[in-house]
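Here's the structure, in structure tokens; my notes come after.
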Amino acid sequence: MNSFWENKTLAQLTKEQWEALCDGCGRCCLQKLKNPTTGKIYYTWVACHLLDIESCRCSGYELRHILVPDCLELFPGNILRLRWLPKTCAYRLIAEQKPLPEWHPLISGDIETVHAAGISVRGRAISELHVRPDDIEKYPMK
């Protein structure tokens, strides 16, 4: 099994290796709310309109920063600052020098294991196209 992620830092990965780290959970594409008092970030079940809810992949990946100007690009230098990234996120895990979980497609060899493990947003998220902006807080992730 190719375990490139164990022998390289995020900054040393090729573009293909970087992309392969994404487990396809779709959580980073969920709308987040910030508590104005505590500053804590909360996930909602409302997803970016580009997220394909079934595949948990971006339907406009190459143009996402044009189509969604506030789509935040992940890169090696910002991973540890993005505390809202899920604790299961492979980019975060590698940056924190932690192992990938058994359900990660690079470990299991199957892209469906992230869904079977209940990590992905498949079947639970709703597109922002179906939610009024003022109603996003009515869809908190619990």
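Can you give the charge dipole size of segment 12-138 about its Cα centre, rounded to the nearest 20 debye, using +1 on the beta carbon of Lys and Arg and -1 on the beta carbon of Asp and Glu?
560 debye
For the chain, I need the span (max minus min coordinate) of the C-alpha atoms along each principal axis, in Å, sorted largest to smallest.
46, 31, 31
Over segment 79-129, how many percent of alpha carbon pairs lie in each 5 Å bin up to the one with the longest distance?
Histogram of Cα-Cα distances, whole percents per bin: 4, 19, 23, 22, 19, 10, 3, 0.
Out of the GluC sites (Glu not before Pro) in segment 5-78, which ones are loop residues according to DSSP with at most 15 other C-beta atoms within 10 Å?
Loop-located and lightly packed - GLU54, GLU73.
Taking LYS142 as the anchor, which lysines have their alpha carbon closer than 22 Å to its alpha carbon, excluding any fewer than eight residues away along the same chain?
Correct list for LYS142: LYS32, LYS34, LYS40, LYS87.
Quick note: the coordinates plus some simple rules give every number you see, no bench work behind them. Here the structure is a predicted model, which means the values were calculated and not measured. Counting neighbours? That spans all protein chains shown, and the Cβs are built from the backbone with ideal geometry, glycine included.
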